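Take a look at the structure set out below.
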Amino acid sequence: MRWDPAQYTRFADERGRPFVDLLARVGAPAPRRVVDLGCGPGNLTALLAARWPSALVEGLDSSPEMIERARADVPTVRFSVGDVRSWTMPADCDVLISNATLQWVPGHLDLLRDWAAALPSGGWLAIQVPGNFDAPSHSLMRSLATSPRWAPLIGDVLRHDLAATPARYAELLLDAGLQVDVWETTYLHRLAGDDAVLEWVRGTGLRPILAALSSAAAEFEREYAALLRAAYPRTAHGTLFSFRRVFAVARRPA
């Protein structure tokens, strides 16, 4: 599945707000190494380099397109293409951040448990995942994808176990002996333009379907767009789009 950095960053301010809120709860004063797993196009990783200019800041993403964009835009950060599932925690990793990435990883709770266990003394671990998989944007996508017209073409590219509850993340991190801060926030984004919610999901959740359908993708999008317009009617102020996010910040006591 190819990623489109330009489409993803179309709503850069709205997508970046949760990262900023997550980062605000990380209290590391002078980390040695800071790692951003699932760094995307690097625009948010740049905030890590700006906050901790003396640290070695690294970004990892599975998309070559995203990493190419990141290297061009943020040359001060070390970016590489890789799979977060095979990443190993360095001994000097004092800050590990994974923003809006783990929902793409099957079995990510086991992965998070491994990261928590390997976190060094005084280290910080911060994650954020979308919590809106029961919202119309996703429930309508799933219902259309599993309809008789589209199911044979799409198959099982959509998963349904995308994120855990805040309590489950808290329990997992507490079991690892970490100090834990877990919360959730629902943002109300005011999106501009025609079919704004469709444009939003084109950059993320819709991508597996578009990749599976290829030449039939435009027809699916037309049907899906009509459903989204009914669920998210455009107002005089734009399209109001509610988006719930789940956050967890943990620290291993020194």
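Length gained on full extension, residue 51 to residue 92: 13.0 nm, using 0.36 nm per residue less the C-alpha separation.
Figure the gain on full extension for residue 231 and residue 21 (residue separation times 0.36 nm, minus the Cα-Cα span) and round it to one decimal in nm. Spell out each step's value before the answer.
Details: separation 210, 0.36 × 210 = 75.60 nm, distance 2.79 nm.
Contour length minus Cα-Cα distance gives 72.8 nm.
For volume of the Cα convex hull per residue in Å³, the value calculated from this model appears in [x] 120; [y] 142; [z] 179 under label [x].
For the peptides 182-189, 57-64, the ranking by mean Cβ contacts within 10 Å, running from highest to lowest, is 57-64, 182-189.
Go ahead and run the numbers for FRET between residue 143 and residue 188, Cβ-Cβ distance against an R0 of 25 Å, rounding to 0.05. The calculated FRET efficiency here is 0.55.
Put in order of Cβ neighbour count within 10 Å, fewest first, the listed residues 17, 190 become 190, 17. Along the axis of the charge dipole computed for segment 5-251 (Cβ charges of +1 for Lys and Arg, -1 for Asp and Glu, origin at the Cα centre), the listed residues 129, 169, 84 are led at the positive end by 129.
Just so you know, all these numbers are worked out from the coordinates, no wet-lab data involved. Predicted model only: the values in this text are computed from it and were never measured. Please note: Cβ atoms are built from the backbone with ideal geometry, for glycine as well, and neighbour counts cover all protein chains shown.
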